[in-house]
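The values are calculated or read from the model by the stated rules, or taken from the named source; none is laboratory data. Being a predicted model, the structure only gives us computed values, none of them experimental. Cβ placement follows ideal geometry from the backbone for every residue including glycine, while neighbour counts extend to all protein chains displayed.
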Number of protein chains: 2
Amino acid sequence: MQQTQNYIQANKQRFLDELFELIRIPSVSAAAEYKDNMLRAATFIEQQLQQAGADRTEICFTNHHPIVYAEKIIAPQLPTVLVYGHYDVQPADPIELWDSPPFEPIIKNGKIYARGACDDKGQMYMHIKAFEAMTATKELPCNVKFIIEGEEEIGSESLPYFIQQNAEKLKADVLLISDTNMIANDVPSITVGLRGITYVQVEVSGPNRDLHSGTYGGAVVNPINALCEMIAKLKDTDGRITIPGFYDKVVELSATERASMAEAPFDVATYKADLGVEALAGEKGYSVPELTSIRPTLDVNGIWGGYTGEGSKTVIPAKAYAKISMRLVPNQTSAEIAQQFTEHFKAIAPKGVQVKVDFHHGAEPIVTSVGSIAYKAAEMAMEKTFGKKPIPQRSGGSIPVVQLFNDMLGVNAVLMGFGLDSDAIHSPNENFGLFNYYKGIETIPYFYYYFAELSK
Amino acid sequence: MQQTQNYIQANKQRFLDELFELIRIPSVSAAAEYKDNMLRAATFIEQQLQQAGADRTEICFTNHHPIVYAEKIIAPQLPTVLVYGHYDVQPADPIELWDSPPFEPIIKNGKIYARGACDDKGQMYMHIKAFEAMTATKELPCNVKFIIEGEEEIGSESLPYFIQQNAEKLKADVLLISDTNMIANDVPSITVGLRGITYVQVEVSGPNRDLHSGTYGGAVVNPINALCEMIAKLKDTDGRITIPGFYDKVVELSATERASMAEAPFDVATYKADLGVEALAGEKGYSVPELTSIRPTLDVNGIWGGYTGEGSKTVIPAKAYAKISMRLVPNQTSAEIAQQFTEHFKAIAPKGVQVKVDFHHGAEPIVTSVGSIAYKAAEMAMEKTFGKKPIPQRSGGSIPVVQLFNDMLGVNAVLMGFGLDSDAIHSPNENFGLFNYYKGIETIPYFYYYFAELSK
């Protein structure tokens, strides 16, 4: 892989310029106004895959945002790597909290600042450039397939049907994804577990119209107050979620497993200082790394109702809303948790309001094997470039597609991510280290190399 | 007053057309973008007062929105009526819930539909037209002064300084205001009590940036969840407000007073049906008319935080906000309640968040005398035009200026309003009955007549 590495070093600036070009396309999947940019981004990626050496590329239209497919098949007897990534990004708001425009990438303190810099344009594009380097130098040791979608941030709705329709075409020996974080730049790690998610939107309706709080206040159930009371009831004073049955299927880790987790470096004071908070919270009896990876959660991700403009308005609004998500751990399932939530949330509504719960999207929690050839290949690749054996780590986020590919294609994933928790993905001032971007491009070819070797 | 009444009948259509012209000016005081319309509305009113026969008119600039002053002094020995009203209106949002554009008045089912139709453009304009009718027919029996402000909906901030600077000019024997409701069109009433208000905005801050709920969820205090928990704690299960000291100064009505209140016609089933709710709430042990007039309240008038757009975003926001108002009854004071609220709200904040409370505006609760000459004049005027003696009624809303005029000028108010609770002021589809608009114009001259007679 030496020629590949030389090629990468020789083309570093261009690799960055191209990523910037991709980032400048505001491909926000959640809002209809960005629709045209979704196709622009998909087309850009398709062209890049062609130029990188793909034999065949396709823009596959779906009911929502297009999926980019590409492949390079060298020889049928060689193992096949299926690379998954996504070109859609989170909305940029609250836009006023960005230090620079979200879709105009800049370099500051050795990091790329922009929406999608890390999640997942930066991490996905590393794979295209690693592929280009191996192809250009004729060192590609595996067949490769790419599936780059545009709906990851909104629940990957189109993907199941697409996979079903293209099961034969997508066949592979491993699913390779870079959409996760490492512990630190000097503590490389590989994600071996992901939390699932159940995401709902709730609507609490009271009177049939907005009311004047002077005339009606005191006698009418205020939907905002009701919503707040209901949300408050979702957790007890020990930070445990009160939804009946919520913890029934949660797999508790053994003392040995917890002790092993506790070995990863973690400092509470540094963590609090980084976030600027004086205290943390969460379910009683668990450490911060446990709370953010092996324990389920419930967070309100958005709330609104009544008058939210400048000044004051004395209104009792007809409706109040919230977006609520629960992170799930093995063996919870998103559909069952959605149902438990819905029943409970309706049950705790005070008389005088009506409750509607809409299920937005879900993903299943997963744990991947550390004993597979693919995991070993990733471990060896990272040890090669970082000079340190990576730690297996369970992570708090959700990548819904991992379970999906496993269920539908029988292919297992390796989650070799190069981000950091401090990358502020989904937040203002999202960033991605240049160190991380280039380290990813350098490491990926070794994964191919070791995966081919170990598969022999 | 027969010529006055004849004049009114002869000019009904014009009186309506002029009101429509005023309503079409979107004079929303709360939002800076409407600034120009505030002056347009004030200028329109000044011109109308000139045409109606005022000797002297003025647009008085303030730090914020202008105040319109006008007067007609017939003879120093005659009593002077000071008419107060406001030309500013509530914001129109949520705009999507209006059946017709808020600033394009239309007549439907005998009612004017528009923002400000009742509050207070409709009710205020009745006074200008009654004044015109009395002046045109030379039947005006009192001196008259008008003070029409543009900041009522945002707390009348400029008024105290204006009154202080113009105390001599504003001297009067009674303050006449139409900015309240009657029980029903066939149950005329006069408002003899108003609740006060304390309006605050709260900000709950957690981490120093928006966080990804997968990466951080479970360990970090989510400001939205915290805000909801804090709001939930503001009332107990009996609907009583839990702020220490909140009820200490509340005047409890005697059994006799409560029995007298219970005599006013009220039907819970009709009330619930009108609002489209299956149940009501409120402090245990009080009737709906009591809850909405003689008991203090706490309502969230607005709440926001996190992602509130289309689709989903898995964010733990850095901040969450709410606008909260408390209606006050004698002898609570807005400043003391604001302080009690602030201390309590900070005290119940969970560790890991910071709380900021901004006092937006306040007004003191008032009770007016039913034994005064002014009250008797209003009673006789309404009995004359409605054919029924009006009932004294305590009302739930707040008119901050009533206490202000009393404190600063020593003048007592008569709250002779012609609106109905169903007018949806502060809500989409605000309306004002044509019956009510014309009945107001017809009744006001009799008030002047009886007030002059009783003052002799």
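May I ask you to list the residues in region B:222-252 that are part of a loop (DSSP other than H, G, I, E, B), over 21 Å from B:Arg394 (Cα atoms) and either among the aliphatic types (A, V, I, L, M) or touching a residue at least 60 places away in the same chain (Cβ under 8 Å) (or both)?
Residues satisfying the conditions are B:Asn222, B:Lys233, B:Leu234, B:Thr242, B:Ile243, B:Pro244, B:Gly245.
Test A:Ser312 against the criterion of being at the interface with chain B (Cβ under 10 Å from one of its Cβ atoms), free of Cβ contacts under 8 Å to residues at least 60 places away in the same chain and in a loop (DSSP other than H, G, I, E, B), and give yes or no. Reasoning before the result, please.
Values: at the interface with chain B (Cβ under 10 Å from one of its Cβ atoms): yes; free of Cβ contacts under 8 Å to residues at least 60 places away in the same chain: yes; in a loop (DSSP other than H, G, I, E, B): yes.
Yes; evaluated as a whole, the condition is true for this residue.
Quick test for you: out of A:Lys319, A:Lys272, pick the one residue that is surrounded by fewer than 22 Cβ atoms within 10 Å (Cβ to Cβ), under 27 Å from the mean Cα position of the chain (by Cα), under 21 Å from B:Ala320 (Cβ atoms) and more than 7 Å from every other protein chain (Cβ to nearest Cβ).
Values: A:Lys319 fails: under 27 Å from the mean Cα position of the chain (by Cα).
None of the other options fit; the residue is A:Lys272.
Take the conditions away from chain A (no Cβ under 14 Å), of a type outside the set (Val, Ile, Thr), at negative phi and surrounded by 23 or more Cβ atoms within 10 Å (Cβ to Cβ) and apply them to B:Pro207. Does it pass? Talk me through it step by step, then tell me what you get.
Working: away from chain A (no Cβ under 14 Å): no; of a type outside the set (Val, Ile, Thr): yes; at negative phi: yes; surrounded by 23 or more Cβ atoms within 10 Å (Cβ to Cβ): yes.
No.
Considering each of B:Glu151, B:Glu229 in turn, give the residue that is within 11 Å of chain A (Cβ to nearest Cβ) and in contact with a Ser or Thr (Cβ under 9 Å, 6 or more places away or on another chain).
Exactly one residue qualifies, and that residue is B:Glu151.
Among (1) out of contact with any helix residue (DSSP H, G or I) (no Cβ under 6 Å at 6 or more places or on another chain); (2) surrounded by 24 or more Cβ atoms within 10 Å (Cβ to Cβ), there is one condition A:Ile128 misses while meeting the rest; what is its number?
All conditions pass for A:Ile128, except number (1).
Considering (1) more than 14 Å from chain B (Cβ to nearest Cβ); (2) within 30 Å of A:Val174 (Cβ to Cβ); (3) not in a helix (DSSP H, G or I), say which one A:Gly397 fails and leave the rest.
All conditions pass for A:Gly397, except number (1).
Do the conditions hold for A:Glu58, that is, is it away from chain B (no Cβ under 14 Å), crowded, with 16+ Cβ neighbours inside 10 Å and out of contact with any helix residue (DSSP H, G or I) (no Cβ under 9 Å at 6 or more places or on another chain)? Full working, then the answer.
Numbers: away from chain B (no Cβ under 14 Å): yes; crowded, with 16+ Cβ neighbours inside 10 Å: yes; out of contact with any helix residue (DSSP H, G or I) (no Cβ under 9 Å at 6 or more places or on another chain): no.
Criteria not met by A:Glu58.
Between residues in region A:322-345 that are without any contact (Cβ under 8 Å) to a residue 12 or more places away in the chain and residues that are among the aromatic types (Phe, Trp, Tyr), which pairs lie under 9 Å by C-beta distance while being six or more apart or on different chains?
A:Gln339/A:Phe359
Anything in region A:166-184 that is touching a residue at least 40 places away in the same chain (Cβ under 8 Å), away from chain B (no Cβ under 14 Å) and of a type in the set (D, E, K, R)? List them, or say none.
Within region A:166-184, A:Lys169, A:Lys171, A:Asp173 qualify.
Which one of the conditions (1) more than 23 Å from A:Thr297 (Cβ to Cβ); (2) among the polar types (S, T, N, Q); (3) under 22 Å from the mean Cα position of the chain (by Cα) does A:Ser422 fail to meet, given that it meets all the rest?
(1)
So that you can scan it fast, the table gives a plain yes or no per residue for (1) in contact with a Gly (Cβ under 8 Å, 6 or more places away or on another chain); (2) modelled with pLDDT under 95:
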{"residue": "A:Ala42", "(1), (2)": "yes, no"}
{"residue": "A:Asn63", "(1), (2)": "no, yes"}
{"residue": "A:Leu82", "(1), (2)": "no, no"}
{"residue": "A:Tyr87", "(1), (2)": "yes, no"}
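Using the structure shown, decide if A:His426 is on the phi > 0 side of the Ramachandran plot, within 13 Å of chain B (Cβ to nearest Cβ) and either part of a helix (DSSP H, G or I) or crowded, with 21+ Cβ neighbours inside 10 Å (or both). So that I can check it myself, show each step before the final result.
On the way: on the phi > 0 side of the Ramachandran plot: yes; within 13 Å of chain B (Cβ to nearest Cβ): yes; either part of a helix (DSSP H, G or I) or crowded, with 21+ Cβ neighbours inside 10 Å (or both): yes.
Spelling it out, A:His426 is indeed on the phi > 0 side of the Ramachandran plot, within 13 Å of chain B (Cβ to nearest Cβ) and either part of a helix (DSSP H, G or I) or crowded, with 21+ Cβ neighbours inside 10 Å (or both).
Just checking, which of B:Gly122, B:Gly85, B:Gly116 is within 17 Å of the chain's Cα centre (by Cα), closer than 22 Å to B:Ile444 by Cβ and within 14 Å of another protein chain (Cβ to nearest Cβ)? Lay out the reasoning, then the answer.
Working: B:Gly122 fails: within 14 Å of another protein chain (Cβ to nearest Cβ); B:Gly85 fails: within 14 Å of another protein chain (Cβ to nearest Cβ).
The unique qualifying residue is B:Gly116.
Looking for whichever is in a loop (DSSP other than H, G, I, E, B), among the β-branched types (Val, Ile, Thr) and surrounded by 21 or more Cβ atoms within 10 Å (Cβ to Cβ) here; the options are A:Ile337, A:Ile324, A:Ile303, A:Ile294. Which one fits?
Of the residues listed, the single one that is in a loop (DSSP other than H, G, I, E, B), among the β-branched types (Val, Ile, Thr) and surrounded by 21 or more Cβ atoms within 10 Å (Cβ to Cβ) is A:Ile294.
What's the total number of residues in region A:284-309 that are within 22 Å of A:Ser254 (Cβ to Cβ), at the interface with another protein chain (Cβ under 7 Å from one of its Cβ atoms) and of a type outside the set (Ser, Thr, Tyr)? Before you say what the answer is, go through the steps one by one.
Applying the first criterion (within 22 Å of A:Ser254 (Cβ to Cβ)) to region A:284-309 yields A:284-297.
Adding the requirement that they be at the interface with another protein chain (Cβ under 7 Å from one of its Cβ atoms) leaves A:288, A:291-292, A:295, A:297.
Those still in the list that are of a type outside the set (Ser, Thr, Tyr) too: A:288, A:291, A:295.
Number satisfying all stated conditions: 3.
B:Gln340 fails exactly one of the following numbered conditions: (1) at the interface with chain A (Cβ under 9 Å from one of its Cβ atoms); (2) more than 17 Å from the chain's Cα centre (by Cα). What is the number of that condition?
Here B:Gln340 meets the rest and fails (1).
Among residues belonging to region B:145-192 that are outside any loop (DSSP other than H, G, I, E, B) and among the small types (Gly, Ala, Ser), point out the one that is surrounded by the most Cβ atoms within 10 Å (Cβ to Cβ). Working first, answer last.
As a first pass, look at region B:145-192 and keep what is outside any loop (DSSP other than H, G, I, E, B): B:145-149, B:152-154, B:159-165, B:167-170, B:174-177, B:181, B:184, B:187, B:189-192.
Add one more test, that the residue is among the small types (Gly, Ala, Ser), and what stays is B:167, B:184, B:189.
Working: B:Ala167: 12, B:Ala184: 13, B:Ser189: 23.
Result: B:Ser189.
If I go through region B:1-33 residue by residue, how many of them are part of a helix (DSSP H, G or I) and over 20 Å from the mean Cα position of the chain (by Cα)? Don't jump to the end; show me each part of the working.
Just the residues of region B:1-33 that are part of a helix (DSSP H, G or I), to begin with: B:2-10, B:12-23, B:32-33.
When the remaining residues are screened for being over 20 Å from the mean Cα position of the chain (by Cα), the result is B:2-10, B:12-18, B:20-21, B:32-33.
Matching residues across region B:1-33 total 20.
Those residues that are crowded, with 20+ Cβ neighbours inside 10 Å and of a type in the set (Val, Ile, Thr), I need them from region A:275-291; list them, please.
Scanning region A:275-291 gives a single hit, A:Val277.
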